[in-house]
1. Kindly provide the set of residues from the stretch A:94-109 that are outside any loop (DSSP other than H, G, I, E, B) and either acidic (Asp, Glu) or closer than 20 Å to A:Ala147 by Cα (or both), ordered by number.
2. Which count do you get for residues in the stretch A:111-139 that are assigned to a loop (DSSP other than H, G, I, E, B) and of a type outside the set (Val, Ile, Thr)?
3. So which residues in the stretch A:1-27 are over 12 Å from the mean Cα position of the chain (by Cα) and farther than 21 Å from A:Glu85 by Cα?
4. If I go through the stretch B:174-191 residue by residue, how many of them are touching a helix residue (DSSP H, G or I) at 6+ places or on another chain (Cβ under 9 Å), assigned to a strand (DSSP E or B) and not β-branched (Val, Ile, Thr)?
5. Which of (1) within 14 Å of B:His133 (Cβ to Cβ); (2) open to solvent by 60 Å² or more (accessible area, probe 1.4 Å) does B:Ser99 not meet, given it meets every other one?
6. Quick check on B:Ser39: is it within 21 Å of B:Ala131 (Cα to Cα), touching a Phe, Trp or Tyr at 6+ places or on another chain (Cβ under 8 Å) and among the polar types (S, T, N, Q)?
7. Is at least one residue of the stretch B:72-79 within 14 Å of chain A (Cβ to nearest Cβ) and either surrounded by fewer than 22 Cβ atoms within 10 Å (Cβ to Cβ) or modelled with pLDDT under 95 (or both)?
8. Which residue is farthest from B:Thr160 (Cα to Cα), if the candidates are limited to the stretch B:123-136 and must be at the interface with chain A (Cβ under 7 Å from one of its Cβ atoms) and open to solvent by less than 10 Å² (accessible area, probe 1.4 Å)?
Amino acid sequence: MSLMEYNGGSVVAMVGKDCVAIASDLRLGNQALGISSNFQKIFPITDRIYLGLPGLATDVTTLRERFRFRVNMYTIKEEREIEPETFAHLVSSTLYEHRFGPYFVEPVMAGLSKTPSGSVKPFIAATDLIGCLNFAKDFVVAGTASAKLYGVAEGLWEPDLEAEDLFETISQTLLNAVDRDAYSGWGCVVHVITKDKVVTRTLKGRMD
Amino acid sequence: METSFAITGKGYVIVAADTTSARSIVKMKIDEDKIKTLSPHLLMAYSGEPGDTIQFAEYVERNIRLYQIRNLYPLRPSAAASWIRRALAESLRSRKPYSVNLLLGGYDTASHDPHLYWIDYLGTMTAVPFAAHGYGSYFALSLLDRYHNPEATLEEGLATLKRCIDEVAKRLVVSPGKYKVKVVDQDGIREVEL
């Protein structure tokens, strides 16, 4: 019995043209028994950064509270919002603090960072359960359906997708990947982050 | 084996738990009340390792009461649930974790809606329309997928609960005999006979 697969759940994030998207399923289970079809795994960190936490559900909630605290402390001390790159390292070091008794989650983050010229640059990253960072240029996946997500994302993703096309790509990727995974599914939530707004949509999925 | 259910409806939460206290294969007691009243509008059904259950339930009960005495108003259901979850999550990574599963049902007197939380010994918490713990959950959850109605009246809710209990009695080999049923709504908490 692996703790990473105990509750089930998957998250994926993708880069588009001046936008990023992050999506997750909504299932919470106890092994094969479904408990809830409305368990959120993605949390807003700032207006421009979203964090997905697939893995052991108790650690999902604990880390969400922990990151909220640490980001609030950062915002107060620095008197500015945290940048996605900085937040990624905050996630990494928080997880590595528990190197020999880890939190059983694989965080995925998506955000837009500011460039000196005033425009925005898409940013996505993922880490393993002890905080090894993976910065990707295309997409990152995590959770019980990660193997399937790699396959579908590899086939559907292309560079420089506009926000609406990116939404369609990430939605179809997740929806089709979780249908091949018994521990993920039961509906999805998708966030598309653009320069001036975040669009959040809840998708219906197969309930089996 | 130990089983507990909870169902939300229109302005109420029903919480039910069996009343057996077992040690190994022996029933030691058949009228144990495993649902604690935490505040005037908050119920908690607990099950799990004997000893841990009572110890943890009383710890929670006293702390929720302390908050009420200090602040002159009780914690709302969502706040109480978060506090209890954190207590379990911190206990999980200690030398001897509490092995206690909970169903927390409450009525929020500020926003006037019922709340139900499913919490397990790991500190996993989720808000749900209906919930169950123990072997009975394997039968009750699928039954409630079919028959649960969030807009049901109390009478209809109790009828649905009866269906759950009957189904568990019919199909589970080690089914409990008796249940204690409590309801929380706008008027507070009361026990009901099925």
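1. Going through the stretch A:94-109, the residues outside any loop (DSSP other than H, G, I, E, B) turn out to be A:94-96, A:105, A:108-109.
Answer for the stretch A:94-109, where residues must be outside any loop (DSSP other than H, G, I, E, B) and either acidic (Asp, Glu) or closer than 20 Å to A:Ala147 by Cα (or both): A:Val105, A:Val108, A:Met109.
2. Keep residues of the stretch A:111-139 that are assigned to a loop (DSSP other than H, G, I, E, B), which gives A:115-119, A:128-132, A:136-138.
Checking which are of a type outside the set (Val, Ile, Thr) leaves us with A:116-119, A:128-129, A:131-132, A:136-138.
Final tally of qualifying residues: 11.
3. Here is the first cut: in the stretch A:1-27, the residues over 12 Å from the mean Cα position of the chain (by Cα) are A:1-8, A:15-19, A:26-27.
A:Met1, A:Ser2, A:Leu3, A:Met4, A:Glu5, A:Tyr6, A:Asn7, A:Gly8, A:Leu26, A:Arg27, listed by residue number.
4. Residues flagged as touching a helix residue (DSSP H, G or I) at 6+ places or on another chain (Cβ under 9 Å), assigned to a strand (DSSP E or B) and not β-branched (Val, Ile, Thr) within the stretch B:174-191 amount to 2.
5. (2)
6. On the way: within 21 Å of B:Ala131 (Cα to Cα): yes; touching a Phe, Trp or Tyr at 6+ places or on another chain (Cβ under 8 Å): no; among the polar types (S, T, N, Q): yes.
For B:Ser39, the condition - within 21 Å of B:Ala131 (Cα to Cα), touching a Phe, Trp or Tyr at 6+ places or on another chain (Cβ under 8 Å) and among the polar types (S, T, N, Q) - is not met.
7. Within the stretch B:72-79, the subset within 14 Å of chain A (Cβ to nearest Cβ) is B:78-79.
Going one step further and asking which of them are either surrounded by fewer than 22 Cβ atoms within 10 Å (Cβ to Cβ) or modelled with pLDDT under 95 (or both), we end up with B:78-79.
For the stretch B:72-79, residues within 14 Å of chain A (Cβ to nearest Cβ) and either surrounded by fewer than 22 Cβ atoms within 10 Å (Cβ to Cβ) or modelled with pLDDT under 95 (or both): present.
8. Step one: of the stretch B:123-136, the residues at the interface with chain A (Cβ under 7 Å from one of its Cβ atoms) are B:123-126, B:128.
Subsequent filtering for residues that are open to solvent by less than 10 Å² (accessible area, probe 1.4 Å) retains B:123-124, B:126.
Values: B:Gly123: 28, B:Thr124: 26, B:Thr126: 22 Å.
By that ranking, first place goes to B:Gly123.
The values are calculated or read from the model by the stated rules, or taken from the named source; none is laboratory data. It should be emphasised that the depicted structure is a prediction, and the values quoted were computed from it without experimental measurement. Here Cβ is always computed from backbone atoms with ideal geometry, including for glycine, and neighbour counts include all displayed protein chains. Accessible surface areas use protein heavy atoms only, side chains included; no ligands, DNA or RNA. Shrake-Rupley method; radii C 1.70, N 1.55, O 1.52, S 1.80 Å.
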